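A.B. asks: Right, I'll just put the structure down here and ask away after.
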């Protein structure tokens, strides 16, 4: 059964087809850039004065219950949008990341979904573009293998379809081999003085942890074995 209430900061207003009146808009003493909104003589919520003016609120303004509820949604969405833009100013993020952060900040799912949709329309959120950037950074710069990258993208909430598509476009088997070989060459110096078998085992385990497939690791180890034999007698 649907609730016959409209949520507001500090309590509920009963609907019952009542008309609600904005009885006061008061500048806050400690935060003068914010305005306290009073409805029917009760404190409803505090919002940025700029937004209050933009939404055209005035003392004596009357609203039906559904209009008041929609106004609360608009205020919440505006605050959530500002928070999302700040998050995106630090680095590119996935839809799931932004959604999760907003929900943890206390915004309702309906508000969060509205923000996500608007950010996508503005091209501020694009999981495919995010995946391409992530793969380039982790694969080309940090030399992570596709398995590690796939796991990381799943943790970011990227769909399996987008992960498969972007990985296939960016990392071919030949490129995976070349990256694994380059990483192995960079790592070999740290095994100086170890027995060849020990060095081989550690190197193969290292490559697997970095996300390279067993078949690629096998091929790299074959090409590295002679070098290990000569450097680690």
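A.B. asks: Would you mind getting me the FRET efficiency between residue 190 and residue 117? Use the beta-carbon distance for r and R0 = 41 Å, nearest 0.05. Let's see the in-between values first.
C.D. replies: On the way: r = 49 Å, r/R0 = 1.19.
Rounded to the nearest 0.05, the efficiency is 0.25.
A.B. asks: Still on this structure, please answer the following. Over all alpha-carbon pairs of segment 127-170, lay out the pair-distance distribution in 5 Å bins, whole %, shortest bin first.
C.D. replies: The distribution over segment 127-170 is 5, 27, 43, 21, 3, given as percents.
A.B. asks: If you stretched the chain out fully between residue 61 and residue 155, how much longer would it get, using 0.36 nm times the residue separation minus the C-alpha to C-alpha distance? Walk me through the intermediate numbers first.
C.D. replies: Details: separation 94, 0.36 × 94 = 33.84 nm, distance 4.71 nm.
Length difference between fully extended and current span is 29.1 nm.
A.B. asks: Follow-up. Residue 18 to residue 205: FRET efficiency via 1/(1 + (r/R0)^6), r the Cβ-Cβ distance, R0 45 Å, to the nearest 0.05?
C.D. replies: Step by step, r from the Cβ atoms, then E = 0.05.
A.B. asks: In bins 10 Å wide, starting from 0, what share of all Cα pairs of segment 5-121 does each bin hold, as a percent?
C.D. replies: P(r) for segment 5-121, in whole percents per bin: 13, 40, 31, 14, 1.
A.B. asks: How high is the FRET efficiency from residue 197 to residue 51, r the C-beta distance, R0 41 Å, rounded to 0.05? All intermediate terms of the calculation are to be shown ahead of the outcome.
C.D. replies: On the way: r = 68 Å, r/R0 = 1.65.
Efficiency at R0 = 41 Å is approximately 0.05.
A.B. asks: Would you mind checking the tilt of helix 109-121 against the longest principal axis of the Cα atoms of the chain, expressed as 0 to 90 degrees and rounded to 10?
C.D. replies: Tilt of helix 109-121: around 60 degrees.
A.B. asks: Once the Cα atoms of helix 173-188 and of the chain are each reduced to a long axis, what angle between those two axes, in degrees from 0 to 90 to the nearest 10, is obtained?
C.D. replies: 70 degrees
A.B. asks: On the first, second and third principal axes, largest extent first, how far apart are the outermost C-alpha atoms of the chain in Å?
C.D. replies: 88, 38, 31
Throughout, read-outs are computed from the coordinates displayed, never taken from laboratory work. Bear in mind that the values here come from a model prediction, so they are computed numbers and not experimental data. Note: ideal-geometry Cβ built from the backbone for every residue, glycine included; neighbour counts use all protein chains shown.
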